[in-house]
Amino acid sequence: MKKAIVLGSINYDIVSAVERLPVKGETVKSYSTDMFVGGKGSNQAVQISMLGMKVQFIGQVGNDDMGKTVKACLKEKGVDTGGLNVSDAFRTGCATIFVDPAGDNMLAYAPGANHGISFEQIKQSAGSITNADIFITQNEINMDAMAKGLSAAKEAGVPTILNPAPAIPLDGEIYRLIDYITPNETEAEVYTGIPLGSLPFAEWKKQSAKWFLDRGVKAVCITLGNKGSYFSDGINEYDVSAFLVNAVDTTAAGDAFNGGFAYGVAHKMPIVRCIEIGNACGALAATVLGAQNSIHNIDQIRGFLSERSIEI
Ligand code: RIB
């Protein structure tokens with residue numbers, strides 16, 4: 001069985017289904033408010049686990065009720081939580097999310113324990129990192145821990161993925177530790193400073209990917225919502241169409257994409273197939289309200305792809 005290491009965030013999500021997204025100073029009606037387990041890291045871990053891989057999660061929660069809940073849920077989904085530290089110094093990360101009837105969302109994130117991951121903790125998991133088939137991380141944890149994890153994986157020749165979400169400036173030396181970077185179009189704009197619309201779309205994709213490649217990243221996959229995904233490693237480039245579904249809530253759709261993409265890379269599948277699996281995971285996640293609870297399993301993903309004549 002292939003093994004993934006996910007170094008990342010784990011949050012308690014409070015999700016309100018609102019009649020529309022509020023503007024500054026406005027109160028809007030909410031049809032429902034629910035609590036879900038989330039965090040980009042733990043969502044990605046759950047997607048990879050539900051695809052049938054062994055997953056070890058490295059992260060941190062607070063010593064509080066939210067932490068107990070999210071840890072138990074991660075375990076329930078088959079993720080190894082041996083690398084999940086419980087901190088007395090921080091509270092569990094928490095996200096407050098508004099979702100409108102079109103499935104668009106707004107999100108405020110309090111990182112809490114996610115920003116206190118220590119080098120010691122990464123060191124303790126170093127053995128597992130070096131034995132993995134894939135290593136994936138995101139930007140919701142402290143950057144020094146993220147860099148340390150990437151560096152341990154890279155040194156051991158384990159393929160690395162950075163999902164650069166949310167978009168925050170990265171230390172220059174991090175780029176060369178990344179085999180695959182997976183920004184969405186907004187994140188790509190923030191990093192590169194090349195606004196969408198400032199160039200013809202095909203040129204925008206090429207130049208945006210080049211920006212990352214020039215900094216030492218091996219390959220770039222820009223996710224473009226219903227416009228699909230664009231991949232470039234500087235030699236090969238591919239446009240892969242999205243699967244169109246009735247989106248109810250896009251929260252965690254990007255995480256599901258990353259989980260599916262990581263699964264494909266870990267299994268050394270052709271890159272287009274990795275992206276198709278990611279696209280299927282993301283599309284199906286968008287059909288359900290919530291984060292981790294919207295993630296589908298291997299049979300559902302296989303069935304969805306098979307209906308579109310793609311066999312995995
Ligand atoms: O990508 C979605 C996730 O972002 C949510 O689960 C929330 O916790 C935030 O981290």
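The values are calculated or read from the model by the stated rules, or taken from the named source; none is laboratory data. On a predicted model such as this, the values are computed, not experimentally measured, just so you know. Don't worry about glycine lacking a Cβ; one is built from the backbone with ideal geometry, like all the others, and counts go over all protein chains shown.
Below is a table of values for the structure above.
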{"quantity": "Every residue from region 237-261 that is assigned to a loop (DSSP other than H, G, I, E, B), at pLDDT 95 or above and among the polar types (S, T, N, Q)", "calculated": "241"}
{"quantity": "Candidate set from region 212-236 (those that are closer than 23 Å to residue 295 by Cβ and part of a loop (DSSP other than H, G, I, E, B)); member that is nearest to the ligand (Cβ to nearest atom)", "calculated": "224"}
{"quantity": "Breaking point among (1) part of a strand (DSSP E or B); (2) within 16 Å of the ligand (Cβ to nearest atom), for residue 281", "calculated": "(1)"}
{"quantity": "Region 265-278, subset touching a residue at least 24 places away in the same chain (Cβ under 8 Å) and within 19 Å of residue 130 (Cα to Cα), residue surrounded by the fewest Cβ atoms within 10 Å (Cβ to Cβ)", "calculated": "267"}
{"quantity": "One residue from 13, 80, 65 being of a type in the set (Asp, Glu) and surrounded by 24 or more Cβ atoms within 10 Å (Cβ to Cβ)", "calculated": "13"}
{"quantity": "Strands (runs of 3 or more DSSP E) wholly inside region 1-90 containing at least 1 residues that are touching a residue at least 24 places away in the same chain (Cβ under 8 Å), within 16 Å of the ligand (Cβ to nearest atom) and aromatic (Phe, Trp, Tyr)", "calculated": "11-18, 30-38, 54-62"}
{"quantity": "Residue list for region 91-116, restricted to those being β-branched (Val, Ile, Thr) and either within 18 Å of the chain's Cα centre (by Cα) or away from the ligand (no atom under 16 Å from the Cβ) (or both)", "calculated": "96, 97"}
{"quantity": "Lone unmet requirement of (1) modelled with pLDDT of 95 or more; (2) out of contact with any Lys or Arg (no Cβ under 7 Å at 6 or more places or on another chain); (3) among the small types (Gly, Ala, Ser); (4) under 25 Å from residue 168 (Cα atoms) for residue 108", "calculated": "(1)"}
